[in-house]
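Visitor: To start, I am sharing the structure in question, which I have written as structure tokens.
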Amino acid sequence: METERLILRPWEDRDRAPLAAILGDPHVRRYYPSTATPEEVNAQIDHAIARTAEHGFHFWAAEHKADRKLIGLVGVASLSDRMRTVIDSDPGVEIGWQFDKNYWGQGLAPEGARAWLDHAWKTLGFAEVVAFTAQTNLPSQRVMEKIGMRRDPADDFAHPNLAEGHPLRQHVLYRIKRPG
Ligand SMILES: CC(C)(COP(=O)(O)OP(=O)(O)OC[C@H]1O[C@@H](n2cnc3c(N)ncnc32)[C@H](O)[C@@H]1OP(=O)(O)O)[C@@H](O)C(=O)NCCC(=O)NCCS
């Protein structure tokens with residue numbers, strides 16, 4: 001898929017080192033329990049390749065058209081069984097993003113996410129998509145709002161992988177339905 005400034009494509013082996021640099025950055029990961037190690041990033045890419053082969057979609061690479069660099073990930077993915085136990089009336093699919101901090105503040109995440117939502121409605125045939133993040137992750141919630149997602153505080157939940165008292169445990173949930 002292509003947007004004005006991005007190419008959104010499946011993962012290639014050349015993405016492994018640049019993605020590890022992005023997800024290994026403590027500032028990029030400040031709303032996650034930890035940075036991702038290169039091994040975890042490799043496993044994440046392998047998982048995305050396998051899910052794409054199976055379903056045709058997952059979180060994909062976001063490449064910056066102007067300089068041909070990998071600058072992050074964005075996509076839609078099936079909700080894990082674990083997440084489905086804590087999200088009420090879930091549509092089975094989430095949208096998500098993580099970008100290189102050198103490219104923040106230019107509206108690139110919403111640009112990629114809008115293309116993915118369009119794909120989710122028109123090609124993948126989903127009727128609703130959710131997104132969730134830590135209650136304190138306001139930048140990500142701004143992206144959700146910019147692409148037309150809405151939060152119902154009644155949907156807020158405690159992340160099942162984080163222990164009680166963990167500062168990132170409380171999560172917010174945003175939803176968007178297929179237009180029309
Ligand atoms: C969330 C994220 C993808 C936003 O991407 P982006 O391309 O910068 O999106 P936008 O340019 O539309 O900016 C969205 C908001 O991010 C915040 N933001 C922008 N530039 C920023 C910067 N340099 N530092 C901190 N926050 C910034 C602002 O609140 C902005 O909202 P505004 O446009 O109303 O001011 C990006 O900040 C990121 O990768 N964060 C780390 C990973 C993450 O938390 N992912 C979400 C997990 S659920």
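Visitor: Looking only at the stretch 85-106, which residues are near the ligand (Cβ under 6 Å from one of its atoms) and either assigned to a helix (DSSP H, G or I) or open to solvent by less than 80 Å² (accessible area, probe 1.4 Å) (or both)?
Guide: Gly96, Trp97, Gln98, Phe99, listed by residue number.
Visitor: Could you tell me which of the residues Ala77, Ala131, Ala115, Ala154 is in contact (Cβ under 8 Å) with a residue 24 or more places away in the chain and assigned to a helix (DSSP H, G or I)?
Guide: Ala115
Visitor: Which of the following residues is β-branched (Val, Ile, Thr), open to solvent by 70 Å² or more (accessible area, probe 1.4 Å), modelled with pLDDT of 95 or more and away from the ligand (no atom under 14 Å from the Cβ): Thr136, Thr123?
Guide: Thr123
Visitor: Looking at Lys146, is it within 11 Å of the ligand (Cβ to nearest atom), closer than 24 Å to Val41 by Cβ and surrounded by fewer than 19 Cβ atoms within 10 Å (Cβ to Cβ)?
Guide: no
Visitor: Of all residues in the stretch 38-78, which are under 22 Å from Arg114 (Cβ atoms), buried (at least 16 other Cβ atoms within 10 Å of the Cβ) and touching an Asp or Glu at 6+ places or on another chain (Cβ under 8 Å)?
Guide: Scanning the stretch 38-78 gives Ala61, Leu70, Ile71, Gly72, Val76, Ala77.
Visitor: Which of (1) touching a helix residue (DSSP H, G or I) at 6+ places or on another chain (Cβ under 7 Å); (2) crowded, with 18+ Cβ neighbours inside 10 Å is the odd one out, the single condition Thr35 does not satisfy?
Guide: Here Thr35 clears every test but (2).
Visitor: Tell me the residue from Arg175, Arg169, Arg151 that is within 16 Å of the ligand (Cβ to nearest atom), surrounded by 13 or more Cβ atoms within 10 Å (Cβ to Cβ), of a type in the set (Lys, Arg) and under 26 Å from Glu54 (Cβ atoms), please.
Guide: Criteria check complete, one pass: Arg175.
The values are calculated or read from the model by the stated rules, or taken from the named source; none is laboratory data. Note that the structure is a prediction, hence the values are computed from the model and not measured. Counting neighbours? That spans all protein chains shown, and the Cβs are built from the backbone with ideal geometry, glycine included. Surface areas here come from the heavy atoms of the whole protein model, side chains and all, with no ligands, DNA or RNA. Shrake-Rupley method; radii C 1.70, N 1.55, O 1.52, S 1.80 Å.
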